[in-house]
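Colleague: Let me give you the structure first, and then I'll get to my questions.
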Amino acid sequence: MSQAHVLVSPSPLGARAQEFLTMHARVAPLEPGPSDDECRAAMRSVLGYSDEGILATFRRIQRRYSGLTYFSVFRQAEILFEPTFEVDLDGHVVFAYAVMDATPDGCRSGSVRPDETVWFGFLDRDAPAFPSLDHFLECDALLHHAHQQRLLSTETPPDANAYLTALRARHPRLRPTNSASGFSVGWWTDDERPVCINGLEARLTADGHGMSPTPTVVTTWLIDESSR
């Protein structure tokens, strides 16, 4: 059975993400892109074989997300989901342009790999950010919600893990929000505050040895009583 578009059948997204998409997202018309046979030919020309599992994953991602567009607080831009099938010369299959600025600047990129992980890039560097596009959508929805609350602090601690440990000691009810978190971005929430730890920019500018001129940013908000 063909999977429906995320705006038609958003499950298993949570209630906040579903409401966010209903209020802020739409579907933009897109060209259908390469045929199945063209995708198979691209794999054979580089890999020497065709992987039907990868092709099935690509088509499922296309059906669920293609054409989705909205203003992303995380990306600070209007974005468009336009996954395209590509095989690079190193033998990696990439669903390029999966998450792109609606007006590309030529520097930022967003792709999905066959294991469904979401990678964001800047110039010639990219890094894994989320386990799936659904995780990214959950993060954007939670970030949109947080921006409606009162900003408590924006910190750039030298050790984000130590900062989080101290914060949890002060607020022991903070729990990880795994549905909106990923490899470079983490959320911790309780009934009073959402906390976002964003290390994506730091990871993109790291020198490969964990050193980065860009700090990890820890942002905390206080939830307004009327929005609970």
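Colleague: Kindly indicate which of 153, 184 is hydroxyl-bearing (Ser, Thr, Tyr) and open to solvent by 20 Å² or more (accessible area, probe 1.4 Å). Quick ask: steps written out before the conclusion?
Modeller: Values: 184 fails: open to solvent by 20 Å² or more (accessible area, probe 1.4 Å).
None of the other options fit; the residue is 153.
Colleague: Consider only pairs whose beta carbons are under 6 Å apart and that are at least six residues apart or on different chains; among these, list those whose first residue lies in the stretch 159-186 and is over 12 Å from residue 199 (Cβ atoms) and whose second residue is open to solvent by less than 20 Å² (accessible area, probe 1.4 Å) and among the aliphatic types (A, V, I, L, M).
Modeller: Close Cβ pairs (under 6 Å, with a partner that is open to solvent by less than 20 Å² (accessible area, probe 1.4 Å) and among the aliphatic types (A, V, I, L, M)) amount to 168/174; 180/142.
Colleague: Taking only the stretch 118-144 into account, find how many residues are crowded, with 21+ Cβ neighbours inside 10 Å and among the polar types (S, T, N, Q).
Modeller: 0
Colleague: Turning to a different aspect of this structure: Before we move on, is residue 40 of a type in the set (Lys, Arg) and open to solvent by less than 50 Å² (accessible area, probe 1.4 Å)? Write out each step before concluding.
Modeller: On the way: of a type in the set (Lys, Arg): yes; open to solvent by less than 50 Å² (accessible area, probe 1.4 Å): no.
When the stated conditions are applied, residue 40 does not pass them.
Colleague: Find all pairs meeting these conditions: Cβ atoms under 7 angstrom apart; at least six residues apart or on different chains; first residue within the stretch 124-144 and without any contact (Cβ under 8 Å) to a residue 60 or more places away in the chain; second residue in a helix (DSSP H, G or I) and open to solvent by 10 Å² or more (accessible area, probe 1.4 Å).
Modeller: Between residues of the stretch 124-144 that are without any contact (Cβ under 8 Å) to a residue 60 or more places away in the chain and residues that are in a helix (DSSP H, G or I) and open to solvent by 10 Å² or more (accessible area, probe 1.4 Å), the close pairs are 135/179.
Colleague: Considering only residues of the stretch 187-214 that are in contact with a strand residue (DSSP E or B) (Cβ under 9 Å, 6 or more places away or on another chain), of a type in the set (D, E, K, R) and open to solvent by 40 Å² or more (accessible area, probe 1.4 Å), which is farthest from residue 73 (Cα to Cα)? Reasoning before the result, please.
Modeller: Kept after step one, since they are in contact with a strand residue (DSSP E or B) (Cβ under 9 Å, 6 or more places away or on another chain), are these residues of the stretch 187-214: 187-190, 192-206.
Those still in the list that are of a type in the set (D, E, K, R) too: 190, 192-193, 201, 203.
From what's left, open to solvent by 40 Å² or more (accessible area, probe 1.4 Å): 192, 201, 203.
On the way: 192: 21, 201: 15, 203: 19 Å.
Here the residue is 192.
Colleague: Any residue that is open to solvent by less than 40 Å² (accessible area, probe 1.4 Å) and touching a Cys at 6+ places or on another chain (Cβ under 9 Å) - is there at least one of those in the stretch 75-92?
Modeller: The answer is yes, given that some residue of the stretch 75-92 is open to solvent by less than 40 Å² (accessible area, probe 1.4 Å) and touching a Cys at 6+ places or on another chain (Cβ under 9 Å).
Colleague: Next up: Test each condition in (1) at pLDDT 95 or above; (2) within 14 Å of the chain's Cα centre (by Cα) for residue 25 and report the one that comes out false.
Modeller: Against the list (1) at pLDDT 95 or above; (2) within 14 Å of the chain's Cα centre (by Cα), residue 25 comes up short only on (2).
Colleague: Are any residues in the stretch 134-161 at pLDDT 95 or above and farther than 15 Å from residue 220 by Cβ, and if so, which ones?
Modeller: Of everything in the stretch 134-161, those that are at pLDDT 95 or above and farther than 15 Å from residue 220 by Cβ turn out to be 134, 135, 136, 137, 138, 139, 140, 141, 144.
The values are calculated or read from the model by the stated rules, or taken from the named source; none is laboratory data. Just so it is clear, the structure is predicted and the values come from calculations on it, not from any experiment. Heads up, the Cβs are rebuilt from the backbone with ideal geometry, glycines too, and the neighbour counts pull from every protein chain shown. These area figures cover heavy atoms from the full protein model, side chains too; ligands, DNA and RNA do not enter into them. Shrake-Rupley method; radii C 1.70, N 1.55, O 1.52, S 1.80 Å.
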